[in-house]
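I have placed the structure first, in the form of structure tokens, so that the comments after it can refer back to it.
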Amino acid sequence: MSFVRAESRMKQGLFTFMLACMAAFPVAVAVAAADLPPLTQGLTQIAEPKPAPALRLVDLDGREHDLADLKGKLVVVNFWATWCPPCRREMPSLESLRTRLDKHGLVVLAVDVGEDADTVFSFSGQLEPAPNFPLLLDQDSKAMQRWKVKGLPTTFVIDPQGRVIYRAVGGREFDSPAMIEALLALTPNH
Amino acid sequence: MKFRPFVLLTMALASLSGFPVNAAQTQSHDPETGTTTWQTRVHGVTLLLTQIPPDPARAFYFNRGFPLQAVERYATACVFMTVLRNDAAPGELSFRLDDWRVQSEGRTQPPTSVEAWMEQWQALGLTEAAQIAFRWAQFPPEQEYAVGEWNQGMLTTGLPPGSRFDLIARWTVAGKTFEGTLENVVCAR
């Protein structure tokens, strides 16, 4: 091996190592201090509610969850990814919402797009409060496409009859008093 | 409370559709990350660009299985974290990135499309997981926002690092087209 080639390989190896080290912090860090928009406290009402698309996915433990089995509940379906900054910001508020309204018949399903169980599990351990709702895996993004999601995060509210009645494009503060009050009024056991 | 006539005239003009209400552009620098953010609010819509320097962009995509060749190509394409938010537009807005324009040194072009990047990644044989991560990390190619709705994603201009440009964002509300411009934006080095 020539010295030039050896040096080139060493440089490439060093570059790869540096990238691997940098990969430990996400790009979100680079923009963390930017003046980001506040999380919204409202939902967008769907003018003509239609039946929700199918949603049958496995969670981090490989257990299958089917939206069709949740008829009679108020279901919040949240599409997200660990690298999505507003998704990360809103995730604790989803758990807070679930804590307050689960006894009233509200269920949260969070659908991670394109990542594996290890990645999602590792991220969820960093959250405070940690999510106690199912983290479903949409690794091929087919569910996301079926739900016509165009950007992350996007959240839908499914009424007890299985119809999509509200949507939220972009990050939300799900545990704001206004959101809690609005969603409580839609729960089957309020 | 009494208003002078010219104040009333100004307020009346400001209420007319198409008048650039609160269109002042702001710029802020984050010493911690070394990045600059440009922001404007016009017609009830917030438009924000924050530099993503090449190194964090490299890290993000390398961590998602991109080969070095692809990482380098994207990271040096003048990447911005982009936010468009409907704060108080007179209705649901819709936009297509193809209608936006990047003006630099006398040339005008749309931002690099997500489709153009995806074609490159497919040609390079990137894994499905890497392509999915890329697709959904980008600012949406088209979208609709009711009041309160917004997205945040990556956008590339395709300009060399250090380039200066103006970004003209366009959207429609009830069939009427609106514009928001960020001037003298600089690509990170």
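The values are calculated or read from the model by the stated rules, or taken from the named source; none is laboratory data. Owing to the predicted nature of the structure, the values given are computational and were not obtained by experimental measurement. Quick reminder, even Gly has a Cβ in these numbers, built from the backbone with ideal geometry, and neighbours come from all protein chains shown. Heads up: the accessible areas ignore ligands, DNA and RNA and are worked out on the full protein's heavy atoms, side chains in. Shrake-Rupley method; radii C 1.70, N 1.55, O 1.52, S 1.80 Å.
A few points about this structure:
- Within the stretch B:22-90, strands (runs of 3 or more DSSP E) holding 1 or more residues that are within 7 Å of chain A (Cβ to nearest Cβ), surrounded by 23 or more Cβ atoms within 10 Å (Cβ to Cβ) and among the aliphatic types (A, V, I, L, M): B:45-52, B:79-86
- Test: A:Glu95 is part of a helix (DSSP H, G or I) and of a type in the set (Asp, Glu): yes
- Filtered by the rule that a residue be open to solvent by 10 Å² or more (accessible area, probe 1.4 Å), part of a helix (DSSP H, G or I) and touching a residue at least 12 places away in the same chain (Cβ under 8 Å), the stretch A:136-160 gives a lone residue, A:Arg146.
- Filter result for B:Thr108 (surrounded by fewer than 22 Cβ atoms within 10 Å (Cβ to Cβ), within 13 Å of chain A (Cβ to nearest Cβ) and of a type in the set (Ser, Thr, Tyr)): no
- The residues in the stretch A:122-141 that are over 21 Å from A:Asp66 (Cβ atoms) and either touching a strand residue (DSSP E or B) at 6+ places or on another chain (Cβ under 8 Å) or not assigned by TED's automatic domain parsing to the domain that holds A:Leu67 (or both) can be counted, and the count is 1.
- For the stretch B:133-147, taking the residues that are assigned to a loop (DSSP other than H, G, I, E, B) and open to solvent by 10 Å² or more (accessible area, probe 1.4 Å), the one that is nearest to the other protein chains (Cβ to nearest Cβ) is identified as B:Ala146.
- Counting the residues of the stretch A:93-130 that are open to solvent by less than 40 Å² (accessible area, probe 1.4 Å) and more than 14 Å from chain B (Cβ to nearest Cβ) gives 14.
- Among the residues of the stretch A:71-92, those identified as open to solvent by 10 Å² or more (accessible area, probe 1.4 Å), touching a strand residue (DSSP E or B) at 6+ places or on another chain (Cβ under 9 Å) and part of a helix (DSSP H, G or I) are A:Pro85, A:Arg88.
- Failed condition for B:Pro160, given (1) in a helix (DSSP H, G or I); (2) more than 8 Å from chain A (Cβ to nearest Cβ); (3) surrounded by fewer than 19 Cβ atoms within 10 Å (Cβ to Cβ): (1)
- Of all residues making up the stretch A:161-187, the number that are closer than 12 Å to A:Ser96 by Cβ and part of a loop (DSSP other than H, G, I, E, B): 4
- The residue that is nearest to A:Gly170 (Cα to Cα), counting only those in the stretch B:113-132 that are more than 7 Å from chain A (Cβ to nearest Cβ) and open to solvent by less than 20 Å² (accessible area, probe 1.4 Å), is B:Val114.
- In summary, A:Gln45 fulfils each of the numbered conditions (1) away from chain B (no Cβ under 13 Å); (2) modelled with pLDDT of 95 or more; (3) surrounded by fewer than 17 Cβ atoms within 10 Å (Cβ to Cβ) with the single exception of condition (1).
- For the stretch A:166-183, a tally of residues being open to solvent by less than 60 Å² (accessible area, probe 1.4 Å) and over 19 Å from the mean Cα position of the chain (by Cα) returns 2.
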